[in-house]
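The block underneath contains the structure these notes are about, expressed in structure tokens.
The values are calculated or read from the model by the stated rules, or taken from the named source; none is laboratory data. Quantities reported herein were computed from a predicted structural model and do not represent experimental measurements. Every residue, glycine as well, gets a Cβ built from its backbone with ideal geometry; the counts of neighbours run over all protein chains shown.
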Amino acid sequence: MNILVTGGAGYIGSIVAEELIRQGDAVVVFDNLYYGHRAAVHPDATFVEGDLADRAAVKAVFDAHEIEAVMHFASYTLVGESMEQPFKYLGDNVTNGLNLLQEAVAHGVRRFILSSTANLFDDPERMPIDEEERIVPGSPYGESKNILERILHWLDRVYGFRYAALRYFNAAGASPTGERGEDHDPETHLIPRVLQVALGRREKIVIFGDDYPTRDGTCVRDYIHVTDLAQAHILALRALDEGSRTYNLGNGQGFTVKEVIETCREVTGHPIPAEVGPRRPGDPAVLVASSEKIRRELGWEPRYPDLRTIIGHAWEWHRTHPNGYGD
Ligand code: UFG
């Protein structure tokens, strides 16, 4: 299949593109390289540098390539930033997605995968969180994904547009080939930050609060290997012709911040100094996914459920790419 991957030069998009190509699909990557890296784009992908805000550029991609499906990763993704700059999220994330969707529909494309988020569940009533959980976006970022999910719902009703919304919990790790991994600037995520300490690039890790109602007082998250996420995208894509669908995606097991740091110490052999700081505003105490639905419906099974393996792959990437993609 010819697949357009927006944000295919970013962390998750580049690894999904790698996996699609490995499985025989043709990939067109569309990325403005604001956050993505040219070197992350698979050499067998067609690369188009462009911005989703530029509707003519989006149209040109569909005109030039016989696109059969779209995977949409290009997005602003920082919860904290979205609380300071809501229009970047409620505006740009939404209008960029609309540009993409309008051109997809105009070009007869009916298959679409949306990167959605656990930030839809700010106040969960049950743990682990399944797809029946009520939606309470935790930030303008989460709301922007919620709006896109709602738009997709209506496009399905009106045009028979088939979509899958995949709500990731905490994507982590790197591609097992060692070629692609996480390179954000600024880096806000826990695992890469902890590994930066092991690399000597950061003096210590600050734990954002240890007074949460959890087993050791630090926040619990569900870390899912990025390659397992990629596999879920591919299974969802193959199943789209049978109908649209929404899945929560995680490993189903939560780890505290302290447990993650301890596992990083074991994997790297570095003492990794840590100190407790204040809470980061907006962090829920516990977020763990139930991925029973995608397991049952699509037979998805994480290949790398073990936190040590996830951190091991991340460490391999950071150790061999201390400057990330070097751009
Ligand atoms: N943390 C620290 N110190 C740090 C960085 C993070 O203690 O230096 C803690 C956070 O407080 C949190 C945990 O580590 O408890 C994980 O934090 P991340 O920033 O790695 O990930 P989040 O759970 O905050 O964010 C993830 C995704 C977002 C998504 C969000 C939904 O990265 O895209 O889950 O809540 F929106």
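Any idea which of (1) in a helix (DSSP H, G or I); (2) of a type outside the set (Gly, Ala, Ser); (3) touching a residue at least 60 places away in the same chain (Cβ under 8 Å) is the one PRO302 doesn't satisfy?
Among (1) in a helix (DSSP H, G or I); (2) of a type outside the set (Gly, Ala, Ser); (3) touching a residue at least 60 places away in the same chain (Cβ under 8 Å), the lone unmet condition for PRO302 is (1).
Can you pull out every residue in segment 98-128 that is in a strand (DSSP E or B) and more than 11 Å from the ligand (Cβ to nearest atom)?
ARG111, PHE112, ILE113, LEU114
Would you say GLY24 is in a loop (DSSP other than H, G, I, E, B), modelled with pLDDT of 95 or more and within 17 Å of ARG111 (Cβ to Cβ)? Let's see the steps before the verdict.
Numbers: in a loop (DSSP other than H, G, I, E, B): yes; modelled with pLDDT of 95 or more: yes; within 17 Å of ARG111 (Cβ to Cβ): yes.
Taking the combined requirement at face value, the residue satisfies it.
Does segment 176-198 contain any residue that is free of Cβ contacts under 8 Å to residues at least 40 places away in the same chain, in contact with a strand residue (DSSP E or B) (Cβ under 9 Å, 6 or more places away or on another chain) and within 15 Å of the ligand (Cβ to nearest atom)?
The answer is yes, given that some residue of segment 176-198 is free of Cβ contacts under 8 Å to residues at least 40 places away in the same chain, in contact with a strand residue (DSSP E or B) (Cβ under 9 Å, 6 or more places away or on another chain) and within 15 Å of the ligand (Cβ to nearest atom).
Considering every residue within segment 224-239, establish whether at least one is at pLDDT below 95 and either in contact with a helix residue (DSSP H, G or I) (Cβ under 7 Å, 6 or more places away or on another chain) or within 15 Å of the ligand (Cβ to nearest atom) (or both).
Taking segment 224-239 first, the residues at pLDDT below 95 are none.
Checked segment 224-239: no residue is at pLDDT below 95 and either in contact with a helix residue (DSSP H, G or I) (Cβ under 7 Å, 6 or more places away or on another chain) or within 15 Å of the ligand (Cβ to nearest atom) (or both).
Do you know which residues across segment 247-265 are surrounded by fewer than 24 Cβ atoms within 10 Å (Cβ to Cβ) and either more than 28 Å from ILE135 (Cα to Cα) or of a type in the set (S, T, N, Q) (or both)?
GLN253, THR256, LYS258, GLU259, ILE261, GLU262, THR263, ARG265
If you check GLY209 against the conditions, is it in contact with a Pro (Cβ under 8 Å, 6 or more places away or on another chain), surrounded by fewer than 20 Cβ atoms within 10 Å (Cβ to Cβ) and at pLDDT below 95?
Criteria not met by GLY209.
For segment 57-91, how many residues are more than 16 Å from the ligand (Cβ to nearest atom) and not in a loop (DSSP other than H, G, I, E, B)?
Summing the residues that are more than 16 Å from the ligand (Cβ to nearest atom) and not in a loop (DSSP other than H, G, I, E, B) in segment 57-91 gives 13.
Pick from segment 129-143 the residues that are within 21 Å of TYR89 (Cα to Cα) and in a loop (DSSP other than H, G, I, E, B): which of them is farthest from the chain's Cα centre (by Cα)?
ILE135
From the residues in segment 12-30 that are at negative phi and out of contact with any strand residue (DSSP E or B) (no Cβ under 7 Å at 6 or more places or on another chain), which one is surrounded by the fewest Cβ atoms within 10 Å (Cβ to Cβ)?
GLN23
Looking at segment 118-132, I want the residues that are closer than 15 Å to GLY252 by Cα and have a partner that is of a type in the set (Asp, Glu) and not in a loop (DSSP other than H, G, I, E, B) with Cβ atoms under 8 Å, at least 6 apart or on another chain. Which pairs are those?
Between residues of segment 118-132 that are closer than 15 Å to GLY252 by Cα and residues that are of a type in the set (Asp, Glu) and not in a loop (DSSP other than H, G, I, E, B), the close pairs are ASP130/GLU292.
Filter segment 31-49 down to residues that are touching a strand residue (DSSP E or B) at 6+ places or on another chain (Cβ under 9 Å) and either assigned to a strand (DSSP E or B) or surrounded by fewer than 18 Cβ atoms within 10 Å (Cβ to Cβ) (or both), then give me how many there are.
Matching residues across segment 31-49 total 8.
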